[in-house]
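Presented below is the structure to which this report refers.
The values are calculated or read from the model by the stated rules, or taken from the named source; none is laboratory data. Small disclaimer: the values here were computed from a predicted structure and weren't measured. Cβ placement follows ideal geometry from the backbone for every residue including glycine, while neighbour counts extend to all protein chains displayed. In case anyone asks, the SASA skips ligands and DNA or RNA and just uses the protein heavy atoms, side chains included. Shrake-Rupley method; radii C 1.70, N 1.55, O 1.52, S 1.80 Å.
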Amino acid sequence: MAETYARPRFGAPREPKTRVNPGSGLVRVLDYVSSGHARAVAFLAICGLLFFLPGFFNIPPIDRDEARFAQATKQMVETGDFVDIRFQDEVRYKKPVGIYWLQSAVVETATKLGLPRADVRIWLYRVPSLIGAIGAVLLTYWTALAFVTQRGAVLAGLIMCSSVLLGVEARLAKTDAMLLLTVVAVMGALARVYLPWQRGEEPARKSWSEPAIFWTALAVGILIKGPLILMFVGLTVVTLAILDRSAAWLWRLRIGWGVVWLLLLVLPWFIAIYLKSGEAFFSNSLGGDMLSKLAAQESHGAPPGAYFLLFWVTFWPGAPLAGMAAPAIWRARREPGAQYLLAWLIPSWIVFEVVMTKLPHYVLPLYPAIAILIVGALERRVLSRSWLAKGAAWWFTIPVLTAVFVLIGAIMVVRHPVFLAWPFAGAALCFGLLAWWMYDDNHAERSLLNAVVAALFMSASFYGIVMPAMKPLFPSQEIARALRNVVCVGPRAAAAGYHEPSLVFMNGTSTLLTDGSGAADFLGQGSCRFALVEARSERGFAQRAEAIGLRYNMATRIEGYNFSQGRAISIAIFRSEGTE
């Protein structure tokens with residue numbers, strides 16, 4: 001396909017582009033939505049909903065982090081204390097209050113609108129993550145406009161929207177999707193200050209929009225996940241200052257007013273939590289959570305290079321193009337745009353690789369930089385034609401491997417292959433195969449669009465159909481359903497041997513987490529009480545029940561799988577005699 005426009009340089013001013021011979025329906029769609037900002041934003045927002053809504057409402061709470069965040073928020077709503085952060089009677093001083101406030105606002109609003117049992121509907125707690133994920137996609141588009149054409153910016157947004165890792169975080173009620181939104185906003189504003197300075201452009205008038213976005217997003221990011229956002233910004237600025245031998249452009253951020261505004265936003269809660277807890281929050285969050293990640297925390301240790309290996313799955317379907325674009329990106333490393341994006345990406349990536357504690361989502365705020373770098377190379381048609389081009393097969397390989405693993409997993413867990421998911425999985429395979437077969441340097445854009453559609457069908461299949469069907473993986477939901485069907489009013493429960501946070505969230509803050517002996521004592525203290533006893537704790541329960549003369553019977557037994565511990569479980573629900 002002939003190219004009718006000059007290849008843009010990273011950081012160069014954008015100009016309208018006219019393309020001819022679109023070549024496929026997907027490319028024609030891209031042509032249409034790239035013709036105006038309103039169309040582009042609406043298109044990316046709709047794509048975000050299509051990617052992130054399957055499974056959003058019907059996947060039960062995921063242990064352990066999501067359930068912990070949701071339960072802490074639930075207790076805020078129950079107690080009306082929006083300063084302290086607790087899980088049952090224990091303080092939860094790992095992250096600041098931002099995400100809990102956002103989740104509380106959604107739950108309170110749903111309750112006032114009359115939604116029944118709003119406090120235990122996990123999808124309400126996920127709404128801020130959904131907003132964060134879609135917002136991050138739109139802000140990736142906005143940030144990319146400083147580097148590439150409008151068409152390229154749409155592609156960068158699509159790469160982020162379809163990435164495996166963002167699809168996961170959009171469905172989890174925790175901090176990472178919202179953190180991503182704030183990081184992209186900060187880095188986009190920073191780019192709009194840095195690039196004009198690099199090109200020697202003096203603003204006609206002093207602009208407050210970029211500084212306002214920068215400092216406000218920085219403050220929100222601190223309230224969401226503490227000082228982590230400062231690392232992304234600080235390493236980028238220091239790297240650029242070293243390379244340019246100057247950081248004079250920082251004054252365009254209105255540093256004096258900006259710092260005052262940031263402190264006005266973040267200090268009130270930090271002062272309030274200090275008055276409530278003393279030094280406990282700061283010692284737990286900075287010392288107990290952040291600094292402990294320098295060692296392998298909670299069995300999440302991995303050697304350097306782990307993120308590089310995970311990248312080829314978590315950034316799919318953009319990952320194959322990242323490999324093909326890498327040589328050209330490195331050659332362009334001293335161009336202003338590429339230099340900025342690499343300063344955003346490389347220093348923080350090295351830090352994460354060196355730190356022992358590794359979880360896949362830690363590097364998510366670096367993915368927008370990769371997406372924009374890929375699009376820059378794609379627009380200039382400088383993708384590698386070497387052996388790296390064979391990476392296009394990865395567009396087909398991932399759907400194949402996913403289909404095989406999901407099929408085997410479904411048969412093992414629920415004893416049937418979840419036939420409803422097959423048409424969607426088949427469509428993902430077809431589009432992944434098309435992306436691979438059609439790939440060459442002149443059709444990289446078309447292949448990418450086919451791979452994005454493959455990712456969309458994979459999302460619908462896995463999150464929308466397969467995951468909700470895996471009921472044994474979510475025993476807390478089955479336990480909650482069993483307790484809702486009892487005759488007595490206001491059932492209370494004690495759990496022995498199964499202490500997952502989702503159980504507390506689904507069954508109530510008063511749920512007692514104990515051992516077999518404690519469960520027997522609890523059952524003997526009144527009516528409408530239930531003991532949830534895992535098979536490994538039943539002996540202790542029975543011995544204590546016999547010792548205190550407790551008469552009880554079994555209401556039901558729930559078989560499941562505790563994926564947090566990687567083992568099958570069997571939970572008996574006991575009730576005192578006479579309780580129904």
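Assessment of the stretch 421-430 against the conditions (crowded, with 19+ Cβ neighbours inside 10 Å, modelled with pLDDT of 95 or more, within 19 Å of CYS47 (Cβ to Cβ) and among the aromatic types (Phe, Trp, Tyr)) yields at least one matching residue.
Only a single item in (1) surrounded by fewer than 16 Cβ atoms within 10 Å (Cβ to Cβ); (2) in contact with a Lys or Arg (Cβ under 8 Å, 6 or more places away or on another chain); (3) not in a loop (DSSP other than H, G, I, E, B) is not met by ILE46, and it is number (2).
Scanning the stretch 166-179 for residues that are open to solvent by less than 10 Å² (accessible area, probe 1.4 Å), in a helix (DSSP H, G or I) and among the aliphatic types (A, V, I, L, M) yields LEU166, ALA177, LEU179.
Evaluating ALA460 against the criteria (1) in contact with a strand residue (DSSP E or B) (Cβ under 7 Å, 6 or more places away or on another chain); (2) part of a helix (DSSP H, G or I); (3) open to solvent by less than 30 Å² (accessible area, probe 1.4 Å) leaves one unmet condition, (1).
Could you please give the count of residues in the stretch 532-569 that are of a type in the set (Gly, Ala, Ser) and open to solvent by less than 20 Å² (accessible area, probe 1.4 Å)?
The initial filter retains those residues of the stretch 532-569 that are of a type in the set (Gly, Ala, Ser), namely 535, 537, 540, 542, 545, 547, 549, 555, 560, 564, 566, 568.
Filter once more, keeping what is open to solvent by less than 20 Å² (accessible area, probe 1.4 Å): 545, 560.
The number of residues fulfilling the criteria is 2.
Among the residues of the stretch 418-446, the ones that are over 11 Å from ALA393 (Cα atoms) and in a helix (DSSP H, G or I) come to 19 in all. Contact map, the stretch 494-515: first residue charged (D, E, K, R), second residue in a loop (DSSP other than H, G, I, E, B) and surrounded by fewer than 19 Cβ atoms within 10 Å (Cβ to Cβ), Cβ cut-off under 9 Å, separation 6 or more or different chains; pairs are GLU500/ARG64; GLU500/SER564; GLU500/GLN565.
Considering (1) within 23 Å of TRP312 (Cα to Cα); (2) open to solvent by 10 Å² or more (accessible area, probe 1.4 Å); (3) of a type outside the set (Val, Ile, Thr), the lone condition that ALA144 does not fulfil carries the number (2). From the list LEU44, LEU26, exactly one residue is in contact with a helix residue (DSSP H, G or I) (Cβ under 6 Å, 6 or more places away or on another chain), over 30 Å from PRO501 (Cα atoms) and at pLDDT 95 or above. Which is it? That would be LEU44, the only listed residue that is in contact with a helix residue (DSSP H, G or I) (Cβ under 6 Å, 6 or more places away or on another chain), over 30 Å from PRO501 (Cα atoms) and at pLDDT 95 or above. Residue count for the stretch 539-562, restricted to those that are touching a helix residue (DSSP H, G or I) at 6+ places or on another chain (Cβ under 6 Å) and either among the small types (Gly, Ala, Ser) or assigned to a loop (DSSP other than H, G, I, E, B) (or both): 4.
If you go through the stretch 304-317 one residue at a time, do you hit one that is of a type in the set (S, T, N, Q), at pLDDT 90 or above and either in a helix (DSSP H, G or I) or open to solvent by 10 Å² or more (accessible area, probe 1.4 Å) (or both)? Step through it out loud before you land on a result.
Applying the first criterion (of a type in the set (S, T, N, Q)) to the stretch 304-317 yields 314.
With the extra rule that they be at pLDDT 90 or above, the set shrinks to 314.
Those left that are additionally either in a helix (DSSP H, G or I) or open to solvent by 10 Å² or more (accessible area, probe 1.4 Å) (or both): 314.
Yes - at least one qualifying residue is present in the stretch 304-317.
In the stretch 194-205, the residue that is farthest from ILE372 (Cα to Cα) out of those that are open to solvent by 10 Å² or more (accessible area, probe 1.4 Å) and touching a residue at least 12 places away in the same chain (Cβ under 8 Å) is PRO203.
Would you pick out the residues in the stretch 86-113 that are more than 13 Å from VAL504 (Cα to Cα), assigned to a loop (DSSP other than H, G, I, E, B), in contact (Cβ under 8 Å) with a residue 24 or more places away in the chain and not charged (D, E, K, R)? TYR93, PRO96, VAL97 - these are the residues of the stretch 86-113 that are more than 13 Å from VAL504 (Cα to Cα), assigned to a loop (DSSP other than H, G, I, E, B), in contact (Cβ under 8 Å) with a residue 24 or more places away in the chain and not charged (D, E, K, R).
Is it true that some residue in the stretch 477-492 is open to solvent by 20 Å² or more (accessible area, probe 1.4 Å), among the polar types (S, T, N, Q), over 26 Å from GLY566 (Cβ atoms) and out of contact with any Gly (no Cβ under 9 Å at 6 or more places or on another chain)?
Narrowing the stretch 477-492 to residues open to solvent by 20 Å² or more (accessible area, probe 1.4 Å): 477-478, 481-482, 484-492.
Okay, now just the ones that are also among the polar types (S, T, N, Q), so 477, 485.
Among the residues that remain, those that are also over 26 Å from GLY566 (Cβ atoms) are: 485.
Next, from what is left, pick out any that are out of contact with any Gly (no Cβ under 9 Å at 6 or more places or on another chain): 485.
Looking for residues that are open to solvent by 20 Å² or more (accessible area, probe 1.4 Å), among the polar types (S, T, N, Q), over 26 Å from GLY566 (Cβ atoms) and out of contact with any Gly (no Cβ under 9 Å at 6 or more places or on another chain), one finds at least one in the stretch 477-492, hence yes.
Of the residues making up the stretch 323-355, those that are within 22 Å of the chain's Cα centre (by Cα), within 20 Å of GLY188 (Cβ to Cβ), of a type outside the set (Ser, Thr, Tyr) and open to solvent by less than 40 Å² (accessible area, probe 1.4 Å) are LEU341, TRP344, LEU345, PRO347, TRP349.
Matching residues to (1) crowded, with 16+ Cβ neighbours inside 10 Å; (2) of a type in the set (Asp, Glu); (3) in contact with a Gly (Cβ under 7 Å, 6 or more places away or on another chain):
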{"site": "GLU210", "(1), (2), (3)": "yes, yes, no"}
{"site": "ILE222", "(1), (2), (3)": "yes, no, no"}
{"site": "LEU228", "(1), (2), (3)": "yes, no, no"}
{"site": "THR236", "(1), (2), (3)": "yes, no, no"}
{"site": "THR239", "(1), (2), (3)": "yes, no, no"}
{"site": "ARG245", "(1), (2), (3)": "no, no, no"}
{"site": "LEU253", "(1), (2), (3)": "yes, no, no"}
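Here LYS206 meets each of (1) within 18 Å of SER129 (Cα to Cα); (2) outside any helix (DSSP H, G or I); (3) of a type outside the set (Phe, Trp, Tyr) with one exception, condition (1). Here TYR32 passes the criteria (1) open to solvent by 50 Å² or more (accessible area, probe 1.4 Å); (2) in contact with a Ser or Thr (Cβ under 9 Å, 6 or more places away or on another chain) except the one numbered (2).
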